[in-house]
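A quick write-up on the structure given underneath.
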Amino acid sequence: MSTLKAKKGERGWYVVQTASGHESKVKGHIEKRADTMETTDKIFQVVIPERTVVKVKGGKRTEKKEKEYPGYVLVDMVLDEMTWATVREAPGVLGFVGDKNRPTTLSEPEVRRILRKNALLDDPRLSEKREVDFNIGDTVKIQAGPFEDFIGEVAEINEERMTVKVNVIVFGRSTPTEVPIAHVEKV
């Protein structure tokens, strides 16, 4: 008797739970099993949501990949007995995310948001998250743009938009200007 309770034949993005830190191995196992079990015509894509984290410390910029949702992998597939078994029985898979052992699909807006956020929809700027080593009130130097080489005081940090508002002196007056976090360096 099968434990599959989702709608058969429904294509969608499903969330698969894995052990944290094993997402890449699980992705490889699912893709390999899809090949060997000949379900590649129904398992279209396996994605590990990641983002680029840019750290700026001491004027040095470093980038690294970070898992957006540790312990989870997204699978775009048509759900049936064969694809369910292919994914469910892959080494490292703990199960599908859903209600009472019933895999559920992500909504279209949610999928678009995750894929766009993770630069899988062709805009790498949307996936970057930056960690800053300055605070409100710190003195910073703008590195690029129309206010390049201006020095000012940080008035506001918007981590959601990845911008910082800097008060610079223009014609003897304090002028707030908003610039990307990547264009600012602590003095």
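Descriptive notes on the structure:
- The radius of gyration of the Cα set in region 137-187, together with its Dmax, comes out at 9.8, 31 angstrom.
- Average Cα contact separation per residue, region 42-118, under 8 Å, 6 or more apart, as relative contact order %: 30
- Summed residue charge, Cβ within 11 Å of V187's Cβ, Lys/Arg positive, Asp/Glu negative: -1
- The calculated FRET efficiency for K165 paired with Q17, based on their beta-carbon distance and R0 = 25 Å, is about 0.05.
- Violating pairs (Cα-Cα greater than 26 angstrom) within the set K32/K67; K42/K64; K27/K57: K42/K64; K27/K57
Every number in this text was worked out from the coordinates using simple rules, so none of it is lab data. Computed from a prediction, not measured in an experiment: that's the story for all the values here. All Cβ positions, even for glycine, are placed from backbone atoms using ideal geometry, and neighbour counts span all protein chains on display.
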